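This report refers to the structure that appears directly beneath it.
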Amino acid sequence: MKLFMKATMIFLLVFTACKSEKKAEKTQETKKEKITFASFGEKISMDDAMTASEMKAKFASLKAGDTVQVKFKSTVNSVCQKKGCWMKVDLGDNQETMVRFKDYAFFMPFNSKGHETVVNGKAFVTTISVSELQHYAKDAGKSAEEIAKITEPKRTLAFEADGVLMEVKDAK
């Protein structure tokens with residue numbers, strides 16, 4: 001009889017342990033995120049988009065005054081906190097490009113930082129004046145001390161986007 005009771009207890013323990021594993025799997029499955037993309041500006045697709053590192057190489061081949069029509073994927077490093085009228089996207093190796101929007105026709109959400117994007121438009125190299133750099137720093141919420149440290153113009157990798165796709169994570 002004791003043997004039967006022990007066998008029954010072992011069976012119940014194994015059965016409930018298996019049951020709780022399945023429950024844990026189910027909970028994990030419901031927490032998966034479905035990734036979609038919100039569209040801003042002109043409608044674009046993700047097809048044939050270059051990587052950020054490929055775009056960095058493309059910028060390296062440009063000289064001041066050159067313009068090239070491209071589409072690439074990257075992560076948003078920062079966005080204008082006044083209007084969403086510009087964003088900086090990562091190119092890798094501590095390089096980024098300033099993205100503005102064609103004809104000031106659309107803006108990005110203030111919480112875009114860290115989101116994956118696909119941008120389509122014109123890439124070019126330019127020099128930004130001290131006053132413009134200070135304006136951007138102010139828009140980005142930098143302190144007065146940080147803004148005062150901006151004393152020289154900067155050669156920048158610039159981009160004028162006519163369309164942007166930005167990831168939006170939705171829980172299933």
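The numbers here are math on the coordinates, done by the rules we state, and not lab data. Predicted model only: the values in this text are computed from it and were never measured. A quick note on method: Cβ atoms are made from the backbone with ideal geometry, for glycine too, and the neighbour counts reach across all protein chains shown.
Laid out as a table, the results:
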item	result
Sites Glu145 and Lys83 - FRET efficiency at Förster radius 25 Å, r taken between beta-carbons, to 0.05	0.55
Cut-off 13 Å between beta-carbons: net charge of the residues surrounding Ala140, Lys and Arg +1, Asp and Glu -1	+2
Cα-based Rg and Dmax for segment 24-124, where Dmax is the largest Cα-Cα distance (Å)	15.7, 58
Net charge of Cβ neighbours under 13 Å - reference Met50; Lys, Arg +1; Asp, Glu -1	+1
Label-to-label distance, nm, for residues given as Asp93 and Asp48 (7 Å Cα→Cβ offset)	2.7
Restraint check, Lys58/Lys88; Lys56/Lys113; Lys63/Lys83, Cα-Cα greater than 25 Å	Lys63/Lys83
Local electrostatic count at Glu116 - Lys and Arg +1, Asp and Glu -1, tallied over other residues with Cβ under 11 Å	0
